[in-house]
1. Please state which of the following conditions A:S144 fails to meet, knowing it meets all the rest: (1) polar (S, T, N, Q); (2) within 7 Å of chain B (Cβ to nearest Cβ); (3) part of a loop (DSSP other than H, G, I, E, B).
2. Report those strands (runs of 3 or more DSSP E) wholly inside the range B:196-266 carrying at least 3 residues which are in contact (Cβ under 8 Å) with a residue 24 or more places away in the chain and open to solvent by less than 40 Å² (accessible area, probe 1.4 Å).
3. Go through the range A:117-133 and give me each residue that's polar (S, T, N, Q) and buried (at least 24 other Cβ atoms within 10 Å of the Cβ).
4. Filter the range B:21-50 for residues that are within 46 Å of the chain's Cα centre (by Cα) and basic (K, R); which is farthest from DNA strand D (Cβ to nearest atom)?
5. So for the range A:129-138 (the condition being small (G, A, S) and either in contact with a strand residue (DSSP E or B) (Cβ under 7 Å, 6 or more places away or on another chain) or in a strand (DSSP E or B) (or both)), does at least one residue qualify?
6. Out of all the residues in the range B:125-141, which are under 18 Å from the mean Cα position of the chain (by Cα) and more than 7 Å from chain A (Cβ to nearest Cβ)?
7. May I ask you to say which residue of B:S134, B:S188, B:S126 is closer than 25 Å to A:E169 by Cβ and assigned by TED's automatic domain parsing to the domain that holds B:R260?
8. Pick from the range A:51-75 the residues that are more than 8 Å from chain B (Cβ to nearest Cβ) and more than 16 Å from DNA strand D (Cβ to nearest atom): which of them is modelled with the highest pLDDT?
Protein chains: 2
Amino acid sequence: MSDTQSDSRKPVFAAERRQRILDLVRANGAVSLRELAQAVRSSEVTVRRDLRALESEGLLNRHHGGATLPGELSREAGYTHKVSLESAEKSAIADLACALVEEGDAIVVGPGTTTQEFARRLTRHSELTVVTNSLLVAQVLAGSPRVEVMLTGGTLRGSILALVGSAAEGSLAGLRVRRAFISGNGLSAERGLSTPNVQVAGVDRALAAAAEEVVVLADHTKVGVDTMVQTVPPERIDHLVTDEGAPGDVLDELAGRGVRLHVATI
Amino acid sequence: MSDTQSDSRKPVFAAERRQRILDLVRANGAVSLRELAQAVRSSEVTVRRDLRALESEGLLNRHHGGATLPGELSREAGYTHKVSLESAEKSAIADLACALVEEGDAIVVGPGTTTQEFARRLTRHSELTVVTNSLLVAQVLAGSPRVEVMLTGGTLRGSILALVGSAAEGSLAGLRVRRAFISGNGLSAERGLSTPNVQVAGVDRALAAAAEEVVVLADHTKVGVDTMVQTVPPERIDHLVTDEGAPGDVLDELAGRGVRLHVATI
DNA sequence: AGATATCCGATCAAATTCGTTCTGATTCGG
DNA sequence: CCGAATCAGAACGAATTTGATCGGATATCT
């Protein structure tokens with residue numbers, strides 16, 4: 001949507017800064033105040049003033065910690081902690097992962113900011129069926145008439161806006177799709193994909209079990225990291241999409257276990 | 001201010017400078033005053049005068065610190081403002097409906113802007129279990145740790161951000177809660193609640209079937225209106241929450257069929 | 001339910017920018 | 001050749017913008 005020229009330069013005027021803020025909010029749905037201040041290179045006070053002005057014009061909704069689009073499904077809770085600072089990496093990973101999706105596919109997409117970015121790029125595909133337990137992924141794809149979105153049932157976990165529990169796992173039981181695109185909190189060569197939450201782990205296992213092939217989307221901060229609960233063993237991972245910041249030894253070992261690597265350059 | 005006659009006498013150099021300023025602004029989209037003064041080898045005062053003249057002709061927009069193209073910083077980016085229209089009515093209805101919820105309840109909430117407003121008020125309750133097929137309702141309640149949210153599975157209907165289809169209906173089959181709060185597109189005394197979409201109708205029926213009592217939330221624009229598919233027959237409706245704009249005869253007839261009325265004053 | 005941490009709002013101070021007035025310079029007409 | 005007029009530059013006061021800090025409010029966690 002950035003049809004304007006590149007955004008590196010700029011004699012940042014007040015009006016332009018506001019426009020930029022508006023663009024950022026529109027692109028991400030919800031942005032924290034701190035992130036906005038960092039993005040436009042201004043103090044938080046100034047951004048707060050701009051937000052107030054934009055809100056008075058009805059262009060966005062402002063609440064504690066940041067701003068969201070008016071009337072849009074967006075996370076009100078959680079963006080103070082989970083801001084997409086490595087958006088460049090995530091973006092590149094998402095781009096690369098798109099190559100693993102074919103027209104007419106049926107795929108599973110797990111929760112996470114990276115997978116959400118990935119989902120945003122799926123709107124171009126046609127005749128796609130996406131199964132997910134993430135409300136954010138579902139919302140991103142809601143506007144695409146050519147993509148059919150199926151949401152698992154289950155109990156809502158507010159912090160990540162994803163569905164968990166036995167109902168979520170059960171609704172995946174009878175399903176079989178070609179590929180699952182998931183993104184845990186840690187990925188190591190020995191223990192595979194892992195996540196710190198037991199409930200989330202259960203659903204992640206079910207997501208992986210519903211697919212013939214498992215594709216893991218993980219930026220470099222997650223590679224080589226182990227968290228509490230193992231979800232997908234390394235043997236079960238078929239593809240890994242990451243960025244060039246990932247440690248080489250871990251990647252090598254993963255490759256030795258049959259994982260095909262896709263490293264995005266930023 | 002006697003410089004309004006811009007072209008009676010044309011000092012070629014001045015006109016050329018203005019043209020150059022205009023070109024610079026057009027090329028870069030936004031240029032600071034200092035840069036302009038430097039580029040045309042004139043003082044900032046002169047450039048300021050030129051900018052004022054150019055602005056009066058509508059050729060550019062002047063801001064603090066420089067100038068931009070007229071259309072560049074427009075904020076009408078085609079975003080559809082779907083802000084709630086009868087927000088006052090919806091708000092009052094939602095307030096009144098809250099009285100029908102008790103602590104420790106398990107309830108069903110259907111899709112719709114009114115029910116979303118209703119859900120927003122449930123965050124105060126404790127030990128509440130909410131079953132819904134609406135992503136908007138789920139998102140509103142996501143931040144409340146004391147409210148457990150269960151989402152039905154199903155196919156996502158993007159236009160209303162709700163889950164429909166056999167999976168949605170099936171996940172409601174084994175459920176039994178105390179009250180269902182739903183809001184269709186039309187409500188008449190003869191045919192009860194109705195909606196224009198067949199799929200949505202199916203889920204609405206399942207939502208109603210899962211509850212002992214059905215509470216309909218409908219503002220006055222929907223009362224007395226029939227749409228295509230009937231979802232809940234009038235005998236099955238236990239409560240109606242509406243606002244004082246609703247036609248009295250329809251309300252009377254509904255009351256005659258056993259519907260308890262709750263009319264909100266705005 | 002209470003304690004803690006974070007965020008918001010308001011007031012104040014510093015810096016930049018704008019508007020106005022004045023002065024010097026160049027050009028055109030008589 | 002001289003006067004008038006207009007344009008360009010300079011200076012000063014006013015207005016706007018930005019950033020910092022403090023008290024109060026709000027959300028989160030135990």
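The values are calculated or read from the model by the stated rules, or taken from the named source; none is laboratory data. Every value quoted in this text rests on a predicted model; they were computed, and no experiment measured them. We place every Cβ from the backbone using ideal geometry, glycine too, and count neighbours over all the protein chains shown. Just so you know, the surface numbers come from the protein's heavy atoms only, side chains and all, with ligands and any DNA or RNA stripped out. Shrake-Rupley method; radii C 1.70, N 1.55, O 1.52, S 1.80 Å.
1. Here A:S144 meets the rest and fails (2).
2. Working: elements: B:211-217, B:229-232, B:239-243, B:260-264.
Here the list reads B:211-217, B:229-232, B:239-243.
3. Initial filter on the range A:117-133 (polar (S, T, N, Q)): A:123, A:126, A:129, A:132-133.
Result: A:T132, A:N133.
4. Step one: of the range B:21-50, the residues within 46 Å of the chain's Cα centre (by Cα) are B:21-36, B:47-50.
The next check asks that each one be basic (K, R); those that pass are B:26, B:34, B:48-49.
Values: B:R26: 20, B:R34: 13, B:R48: 9, B:R49: 6 Å.
The residue in question is B:R26.
5. At the first step, the residues of the range A:129-138 found to be small (G, A, S) are A:134, A:138.
Checking the rest, the ones that are also either in contact with a strand residue (DSSP E or B) (Cβ under 7 Å, 6 or more places away or on another chain) or in a strand (DSSP E or B) (or both) come to A:134, A:138.
Yes, because at least one residue in the range A:129-138 is small (G, A, S) and either in contact with a strand residue (DSSP E or B) (Cβ under 7 Å, 6 or more places away or on another chain) or in a strand (DSSP E or B) (or both).
6. Narrowing the range B:125-141 to residues under 18 Å from the mean Cα position of the chain (by Cα): B:133-141.
B:N133, B:S134, B:V137, B:V140, B:L141, listed by residue number.
7. Numbers: B:S188 fails: closer than 25 Å to A:E169 by Cβ; B:S126 fails: closer than 25 Å to A:E169 by Cβ.
Exactly one of B:S134, B:S188, B:S126 is closer than 25 Å to A:E169 by Cβ and assigned by TED's automatic domain parsing to the domain that holds B:R260, namely B:S134.
8. Initial filter on the range A:51-75 (more than 8 Å from chain B (Cβ to nearest Cβ)): A:51-56, A:60-68, A:72.
Now narrow it down to the ones that are more than 16 Å from DNA strand D (Cβ to nearest atom): A:60, A:72.
Values: A:L60: 84, A:E72: 46.
Here the answer is A:L60.
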